[in-house]
Amino acid sequence: MPKLTIEELDKLREKAVAKLRLRESGENRGKVTIHLGTCGIAAGGRQVLTALLVEVEKLGIKDITVTTAGCAGLCSREPMATVELFGQAPVKYVDLTADKIKKILAEHVVNGKTVKDYALAIGSERVG
Amino acid sequence: MPYRLNVMLCTGTGCVSNGAFNLLEAFKTEIRKHELHEEVAVIPTGCNGFCAVGPLVVVQPDEIFYQKLRVEDVPFLVQEHFLKGRPVKKFMYTPPETKEPIPIMSNIPFFGKQMLIALRNRGLIDPENIDEYIARDGYKGFTKAITMMTPKQVIDEVKASGLRGRGGGGFPTGLKWEVAFNTQSDEKFIIINCDEGDPGAFMDRSIVESDPHSVIEGVLIGAYALGVKQTYIYVRMEYPLALKRFYIAIEQAKEYGLLGQNILGKGMDLEIEVHRGAGAFICGEETALIRSIQGFAGEAQAKYIYPAQKGLNGKPTIINNVETWANIPQIILRGSNWFASIGTRGKNGDGGSTGTKVFSLVGKVNNTGLVEVPMGITLREIIYDIGGGIKNNKKFKSVQTGGPSGGFLPESLLDLPVDFDELLKAGAMMGSGGMVVVDEDNCMVDMARYFLDFVQSESCGKCIPCREGTKRMLDILERITYGQGTEDDLLKLEELSRLIVESSLCALGGTAPNPVLTTIKYFREEYEAHVKNKKCPAHTCKSLITYTIDSKICIEKGHGCGVCRKNCPQTAITGEIKKEHRIDPTKCDKCGICFDVCKFDAIYVD
């Protein structure tokens, strides 16, 4: 018996590809940023991030980058997240919990519908 | 939980010698300390290429590039970037011209003009993890070959790609394979040539260190096409990391059934044996390499018959260099047309140089490192756009391509497109891809002497023109740098060169005079200054220069500060504070320390 057949090699590849996706700067549909300044971490931002990462893997979402950034400025409303879908205005979500981020992922990121109840503002910030 | 960050830490030999393994430990410790180990993975990779700024990491998915990291930088970096999501500017690459840090790797000019085929996985995978290679379409070219192509079709595909041997000679790979294919024999062999000895060259080492499976896959394809069951890789002992990673790769491939018996259930058998060389330049030459594997001294033999017809143990043997093998999987997977569309094409669509070439860019350029560029790119683009220009704002003088047997090209040829044929026409060669940049402070006679000294010591000694001829040439060059040369010597050098080129057994002798011939051709005036005026214009040849103190400047500007006197190791400088200083020429060793320490430019060299 061969140790590995071509079909098994292909399966192995599919599994390994998911692990490496993080390193490819490929075509992405958007980005979810969890704000992890000291305030964000203290308010539980890390738990929100963990929940988001687990959920992204569970749903098999491949075209979204999950990243972190520093304090977004509104420390009293942490944990916060920014959802940016390509070609749309960024949306800031506040007072997050693990359950809230899951809902945001399902409704906003997957279905493109902003979760108005948790949103602070849409495209409110300017740079420059 | 999936990782949200991958920290790609370069552990090529360059970065390792700058402490990359310590950095790896520091990152792991620090990440664990902040309990980030389930979110942030540190992955050791092979050479990233930008050796000048190592040790370096690239943080994915945002492609943030950090350079020159030290162990003590790690806690801050982990806390700021990985924990709080604030990329740290002070560790980013900052070009000297703009002084503005460039966070994203692909925006750094060094990486921008490159095109990766042989190095396609560099910095992207852990070379010690076969799964990561497989994820990047690894072994897909091989499975395509064994399921969808006949051996003949594989050879035709390699032929059509126009791939030429990356070891130096540039012989068409497909043609070589075809010769072995058409030779009847009960047994055939493949040898992977990973013996590179050119000063300043490290292409093959880096490929094996960063992506050993690409070489194994290339060999699998070649072995399928030629019906080979036994292969050898010849690695010099000076490459311990490459050796280690290759051993690991072989073990992993065996475990998966990609090497050994009945590969992937397709009835193909293949073994790879590692042969460790003792590090002789000549052993990169095919016939000498074969002799070495057979247990004899590495001596070249005349190639009346190609090794592809009669090589190892008298059987047809394909020897290709590491870079050539690394190209094969991509050619089979993506097709010969894709490969042939990159690079240059000769007249009537044949000849030319297709694909890319890996160069190790070293010497007096700002961005030293490993670069892969499409054939046909100009020397200027490599040296200025990728290499970032000459160090310390000095003036470019020459670039040597092709290692010790290559040639020195002058500034007027900077726009030469780099391919096998164009370089040969200019008197240089592609060689295995060493590229040494020389600035105004280098004496071209001395450079020729250095490289001739190298080939002279590395000559296997079998044939007289190479053994004795290079020695005679070296004698003459040494005489010239000592100021004892005559105009007659130039004629003698040219005559000896011609003789050695014509009558040497192998390419080592056949190309050994190249540095001398090209320097005489393009920098004749420097030779003439040495022999006629007994001067070294670059102020390098010690016998031809003198250091003198300008007493006026010494007293007026420096007030006889005496720094030169205190620093002179030969106690050749005399004088008192506030008084004139003098150098005793009989004692002076011409080390140049006085020149370097004088803050008032009172010392001049002539």
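Applying the condition of being of a type in the set (A, V, I, L, M, F, W, C) and over 18 Å from the mean Cα position of the chain (by Cα) to region B:118-139 and asking which residue is most open to solvent (accessible area, probe 1.4 Å) yields B:Leu124.
Just one of the numbered conditions (1) within 25 Å of B:Cys15 (Cβ to Cβ); (2) hydrophobic (A, V, I, L, M, F, W, C); (3) touching an Asp or Glu at 6+ places or on another chain (Cβ under 7 Å); (4) open to solvent by less than 10 Å² (accessible area, probe 1.4 Å) is not true of B:Phe142: (1). Tell me, yes or no, whether region B:46-63 has at least one residue that is within 14 Å of another protein chain (Cβ to nearest Cβ) and open to solvent by 30 Å² or more (accessible area, probe 1.4 Å). Scanning region B:46-63 turns up at least one residue that is within 14 Å of another protein chain (Cβ to nearest Cβ) and open to solvent by 30 Å² or more (accessible area, probe 1.4 Å). What about B:Pro172, is it on the phi < 0 side of the Ramachandran plot and within 14 Å of chain A (Cβ to nearest Cβ)? No; evaluated as a whole, the condition is false for this residue. Given the structure, is B:Asp126 within 14 Å of another protein chain (Cβ to nearest Cβ) and within 30 Å of B:Ile332 (Cβ to Cβ)? Yes, satisfied. Any idea how many residues of region B:500-525 are open to solvent by 20 Å² or more (accessible area, probe 1.4 Å), hydroxyl-bearing (Ser, Thr, Tyr) and within 13 Å of B:Gly406 (Cα to Cα)? Total meeting the criteria: 1. Just one residue in the set B:Ala242, B:Ala249, B:Ala300 is crowded, with 21+ Cβ neighbours inside 10 Å, in a loop (DSSP other than H, G, I, E, B) and either charged (D, E, K, R) or away from chain A (no Cβ under 14 Å) (or both); that residue is B:Ala300. Can you tell me which residues in region A:1-48 are open to solvent by less than 60 Å² (accessible area, probe 1.4 Å), facing chain B (nearest Cβ under 7 Å) and either farther than 28 Å from B:Lys140 by Cα or not basic (Lys, Arg) (or both)? Listed by number, the residues that qualify are A:Pro2, A:Leu4, A:Thr5, A:Ile6, A:Leu9, A:Leu12, A:Ala16, A:Val17, A:Leu20, A:Leu22, A:Leu36, A:Gly37. I'd like the residue in region B:567-606 that is of a type in the set (Ser, Thr, Tyr) and in a loop (DSSP other than H, G, I, E, B) and, out of all such residues, is least open to solvent (accessible area, probe 1.4 Å). Only one residue fits best here, namely B:Thr571.
Please state which of the following conditions B:Met115 fails to meet, knowing it meets all the rest: (1) in contact with a Pro (Cβ under 6 Å, 6 or more places away or on another chain); (2) surrounded by 19 or more Cβ atoms within 10 Å (Cβ to Cβ); (3) outside any helix (DSSP H, G or I). Looking at each condition in turn, B:Met115 falls short on (2).
Of all residue pairs spaced 6 or more apart or on separate chains, those with beta-carbon atoms under 6 Å, a first member in region B:443-460 that is over 15 Å from B:Ile476 (Cβ atoms) and a second member that is hydroxyl-bearing (Ser, Thr, Tyr) and open to solvent by 20 Å² or more (accessible area, probe 1.4 Å) are B:Cys443/B:Thr540.
Among the candidates B:Ile545, B:Ile549, single out the residue that is open to solvent by less than 30 Å² (accessible area, probe 1.4 Å), over 29 Å from B:Ser398 (Cβ atoms) and β-branched (Val, Ile, Thr).
Unique residue meeting the criteria: B:Ile549.
When B:Lys99 is tested against (1) at pLDDT below 95; (2) touching a strand residue (DSSP E or B) at 6+ places or on another chain (Cβ under 7 Å), just one condition goes unmet, and that condition is (2). The single residue among A:Lys103, A:Lys92, A:Lys116, A:Lys58 that is basic (Lys, Arg) and either touching a residue at least 40 places away in the same chain (Cβ under 8 Å) or part of a loop (DSSP other than H, G, I, E, B) (or both) turns out to be A:Lys116. Scanning region B:78-94 for residues that are within 32 Å of the chain's Cα centre (by Cα) and either part of a loop (DSSP other than H, G, I, E, B) or away from chain A (no Cβ under 14 Å) (or both) gives B:Val88, B:Lys90, B:Phe91, B:Met92, B:Tyr93, B:Thr94.
The values are calculated or read from the model by the stated rules, or taken from the named source; none is laboratory data. Computed from a predicted structure; not experimentally measured. No Cβ is skipped: glycine too gets one built from the backbone with ideal geometry, and neighbour counts run over all protein chains shown. Note: accessible area is taken over every heavy atom of the protein model, side chains too, but ligands, DNA and RNA are not part of it. Shrake-Rupley method; radii C 1.70, N 1.55, O 1.52, S 1.80 Å.
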